[in-house]
Structures are given as structure tokens and as C-alpha cells.
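Scroll down for the structure; my scribbles are underneath it.
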Amino acid sequence: MVILISGRGSNMEAIIRAVQAGRIPNVSVRHVISNVADAPGMETARRHGIECSAISDMGELATRLRQLKPDIVCMAGFMRIVPPEIVREHTVLNIHPSLLPMYPGLHAQRQALEDDAKWSGCTVHYADEGVDTGPIIVQYAVPVRPDDTEESLSGRILEKEHVVYPHAVMLVAGRIARERAQVTGGGASTRQR
Ligand code: GRF
């Protein structure tokens, strides 16, 4: 698996911790790629012993992914739209801080507050060629409180993101292993890239 980040990388860290604790069978985090050279998440990834690299454009990202051939690519706070060829060639997941299809795009938590929503949450979905579109894998609903600020709501949603993203990776890795076992006629415990 490869994780794409642009900043803090707390979702990336939640996935790495889950993998390293053995909570996501048959998955290893092989590489973290950032489009921001000094993203704090890169330091976090290195602390966990994961190789990192920075890319400067989407062409370079496409080339790196072709070399690495990951089974799963997780966008975790990756603030770039990935080009269509990447979502066609790879299984790409994304996390978004709302109950999609509500509040796609930037400032999802602010959108929920401005809309007087009673509930928001987070969504992990397969990425397709759109922005925050693509089949939904898992969602976690979070109440919006009357006194919420963008910060307090973001924090409450983020806690659930850290639960839901590793869970979604586990589901997708399981699906890939089952599909592979059907094709090869072998067991479902093939180690994934
Ligand atoms: C998260 O809220 C995620 O849903 C959104 O960007 C934020 C990234 O946070 N796409 P982090 O870098 O994982 O800490």
C-alpha cells in the first residue's frame, strides 16, 4: 500500500499504527508520498520506519505509482486532484470529512455548520475521476452541536476518521485478497504490496 499526504498526516499515522499492530492482515505500508516537500507527516512516517518521497507534479506521481505497483493507494489529506489515469490504473481510496454526497470539496466542516446540519461525519470512498465522488466504502456519523466551531467539529470528526480509515483499508484489502484467491485458486493470505 502507498499513502499520499500533503500535511499533518494523522490519518496516515492511524493506518500505519493499525498495520503495525497487526489489525489489517496482509497489508504493509510500503511508501508515503507527499506533494509538499516539508509536510510534517513525512517525518511521522519516517519515525515509523516507512520510506517517504516528495513529488513535484502529478506526472511524477503517476510514474512513481507505476514503479511501486501498490495494491491500494490511500489519499490521506492529499490536497491535489489525482489525474484520471491514476484512478484507472490503481485502487485509490480517499477520506473526506463529511457524510458524502453532502458537503464535497473544501471546508466540509464549515459547510455543515453553515447549513445548520444536525449530523455530519466522515466518508471513505473509492476515488474516481470526480472530486469526492466514487463508491462509498464506510461512513461514520458525528453529531453537530449547537455551540460547535469549525475547529471543534473538525476535531470530533477527525477522531472518527482515525477509526474508519483503517477499517476501510481492511475491508478493501480483504476484498482484493478474496478476488486474488478466486483467480489463482489459492489461499486468501497472499501478502499484499
Ligand atoms: C482530514 O480531515 C481528511 O478528511 C481531509 O484532510 C484532513 C487531513 O488530515 N481530507 P490529516 O493530514 O490526515 O491529519
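What follows draws every value from the coordinates through simple rules; no lab data is involved. Here the structure is a predicted model, which means the values were calculated and not measured. Please note: Cβ atoms are built from the backbone with ideal geometry, for glycine as well, and neighbour counts cover all protein chains shown.
Think of the chain as having a plus end and a minus end, set by charges on the Cβ of Lys, Arg, Asp and Glu; of 92, 26, 138, 26 sits farthest toward the positive end of this dipole. Dipole size of the range 1-74 about its Cα centre, with +1 on Lys/Arg Cβ and -1 on Asp/Glu Cβ: approximately 260 debye, rounded to the nearest 20. For the range 1-158, the dipole from Cβ point charges (+1 on Lys and Arg, -1 on Asp and Glu) about the Cα centre works out to 640 debye, to the nearest 20. Seen from all directions on average, the range 121-193 presents a Cα convex hull projection of 6.5 nm².
Other residues whose C-beta falls under 15 angstrom from the C-beta of residue 82 contribute a net charge of -3, scoring Lys and Arg +1 and Asp and Glu -1. Relative to the Cα centre, the charge distribution of the range 106-146, modelled as +1 at Lys and Arg Cβ and -1 at Asp and Glu Cβ, gives a dipole magnitude of about 280 debye. For the Cα trace of the chain, dividing Rg by the Kirkwood Rh returns an Rg/Rh value of 0.97. Here is how the number arises for the chain: DSSP H runs of 4 or more residues each give -39500 (n - 2.57), the sum is divided by the residue count, and the result at 222 nm is -13000 deg cm²/dmol. Efficiency by 1/(1 + (r/R0)^6): what FRET value for residue 110 and residue 184, r their Cβ-Cβ distance, R0 = 45 Å, to the nearest 0.05? In this case the efficiency is close to 0.40. Between the residues 119, 167, 54, the greatest Cα displacement towards the positive end of the dipole of the chain, with unit charges on the Cβ of Lys, Arg, Asp and Glu, is found for 167.
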